[in-house]
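The values are calculated or read from the model by the stated rules, or taken from the named source; none is laboratory data. Remember, predicted model here, so these are calculated numbers, not experimental data. Here the Cβ positions follow ideal geometry from the backbone for every residue, glycine too, while neighbour counts run over all protein chains shown.
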Amino acid sequence: MRRELAFEFSRVTEAAALAGYKWLGRGDKNIADGAAVEAMRAMLNKMNIAGEIVIGEGEIDDAPMLYIGEQVGCDKNGEPVDIAVDPIEGTRMTAMGQSNAVAVLAAGEKGAFLKAPDMYMEKIVAGPGSKGALNLDMPITDNIRLVAARLNKDIKDMTIITLAKPRHDAVIKEIHALGCKVFSIPDGDVAASIMACIPTSEVDMMYCIGGAPEGIISAAVVRALGGDMQGRLMLRSDAKGQSEENDRMSADELARCKQMGAVPGKLLKLEDMVRSDNIVFSATGVTKGDLLEGVTRHGDVATTETLLIRGKSRTIRTIKSTHFLSRKDDEILKV
Ligand code: VTB
Ligand code: MG
Ligand code: MG
């Protein structure tokens, strides 16, 4: 993938964040998501690529989406690029004015990403110092012990980040019983996965059952940062419990998995989820967070902060931009 494309992708997540920000604190996560989707689509369609959305988000909560299989870009003969998107990772946070919402995407060469439907995924992440130490077939407590040994840390000094969801209550208890610290955030495991990979954060590992799209996007940035990750696609009934509706949705997920060649329950290593180092990851803060500043706006002037990472060179850039909104193209402003 051409190096210059990296910068172009940062403009795509900037536009999505600016569009989502308009709906900050207005209580409607679907409108915020829809605005970010439209802005992201408009920007992607200005790029000289033959792009395909291979991972989208939205089916789990029926949100508006850039759908799987959608062709983007304005040059059919341009560079073929596979793109995994989450126009707002944290729509609830945006709607409720909570921290840590980001607009995010990962792009790679054709076939770079595992194709999977929008379903759940169990995932575990650790930083570069623990490469090869993870094994999702073993209990989480064993994984923590192995990572602690790699990091030369006391178990009691280990910090594991997860999502504060009822489905994690039991695992949080186990981790506490082991003597570790648990940071439970309401939503957003992509940011949490990045935190597990950067040496300056307090977090050593990420564990959760969250979205598969977020899992693949996280795998891209974890690989780019030299960290490690394993995952396992999970049917809705296994993640959220059996009910008539969950069982019906699980049957649909299973059928879609078959079409796409994905296998629920199968252990996925980092290299299975992201097959190349030649990827670009871009995330722009929508609301203020642990990793990135959120959008700010004073009249016509808005600012954004973006994390742009190229996997091949492992260059990590933080881009602070100032935008004069009256100069933006209509299709970004009108949403
Ligand atoms: C997961 C997680 C995301 O939403 O998709 C979660 O991966 C949805 O969980 O990071 P529930 O179905 O239990 O609400 C996020 O937290 C935000 O998109
Ligand atoms: Mg999300
Ligand atoms: Mg989303």
**Prompt:** Scanning for something farther than 26 Å from residue 262 by Cα, among the acidic types (Asp, Glu) and away from ligand 2 (no atom under 16 Å from the Cβ), does segment 127-141 turn up at least one residue?
**Reply:** no
**Asked** Got at least one residue in segment 196-218 being free of Cβ contacts under 8 Å to residues at least 60 places away in the same chain and of a type in the set (Val, Ile, Thr)?
**Response** yes
**Complete:** Note on segment 285-310: residues farther than 19 Å from residue 89 by Cβ and in a strand (DSSP E or B) are 296, 297, 298, 301, 302, 303, 310
**Asked** For segment 166-193, how many residues are more than 16 Å from ligand 3 (Cβ to nearest atom) and either under 25 Å from residue 84 (Cβ atoms) or in a strand (DSSP E or B) (or both)?
**Response** 6
**Fill in**
All conditions in (1) away from ligand 1 (no atom under 16 Å from the Cβ); (2) touching a Gly at 6+ places or on another chain (Cβ under 9 Å); (3) polar (S, T, N, Q) are true of residue 200 except (2)
**Request:** Looking for whichever is farther than 30 Å from residue 298 by Cβ, under 17 Å from the mean Cα position of the chain (by Cα), crowded, with 21+ Cβ neighbours inside 10 Å and away from ligand 2 (no atom under 15 Å from the Cβ) here; the options are 54, 81, 72. Which one fits?
**Result:** 54
**Prompt:** Across segment 207-239, which residue is surrounded by the fewest Cβ atoms within 10 Å (Cβ to Cβ) among those that are within 16 Å of ligand 3 (Cβ to nearest atom) and not in a helix (DSSP H, G or I)?
**Reply:** 211
**Prompt:** Take the residues of segment 88-142 that are part of a strand (DSSP E or B) and among the small types (Gly, Ala, Ser): which is nearest to ligand 3 (Cβ to nearest atom)?
**Reply:** 103
**Item:** Selected residue [more than 15 Å from ligand 2 (Cβ to nearest atom) and touching a Cys at 6+ places or on another chain (Cβ under 9 Å)] from 226, 241
**Value:** 226
**Prompt:** Listed residues 295, 301, 274; which is crowded, with 21+ Cβ neighbours inside 10 Å and either over 22 Å from residue 206 (Cβ atoms) or at pLDDT below 95 (or both)?
**Reply:** 295
**Request:** For residues that are at pLDDT below 95 and buried (at least 23 other Cβ atoms within 10 Å of the Cβ), tally how many sit in segment 101-117.
**Result:** 1
**Fill in**
Going through segment 272-306 in order, the residues found to be free of Cβ contacts under 8 Å to residues at least 24 places away in the same chain and out of contact with any strand residue (DSSP E or B) (no Cβ under 8 Å at 6 or more places or on another chain) are 298, 299
**Fill in**
If we keep only residues of segment 84-99 that are of a type in the set (A, V, I, L, M) and near ligand 1 (Cβ under 10 Å from one of its atoms), then the residue farthest from residue 190 (Cα to Cα) is 93
**Residue in segment 31-47 that is near ligand 3 (Cβ under 10 Å from one of its atoms), buried (at least 24 other Cβ atoms within 10 Å of the Cβ) and part of a loop (DSSP other than H, G, I, E, B) present** = no
**Prompt:** Do we have residue 70 as more than 30 Å from residue 201 (Cα to Cα) and within 16 Å of ligand 3 (Cβ to nearest atom) here?
**Reply:** yes
**Asked** Looking at segment 179-206, which of the residues that are surrounded by fewer than 17 Cβ atoms within 10 Å (Cβ to Cβ) and hydrophobic (A, V, I, L, M, F, W, C) is modelled with the highest pLDDT?
**Response** 183
**Message:** residue 155 - would you say it is away from ligand 3 (no atom under 16 Å from the Cβ), closer than 22 Å to residue 290 by Cβ and of a type in the set (A, V, I, L, M, F, W, C)?
**Reply:** no
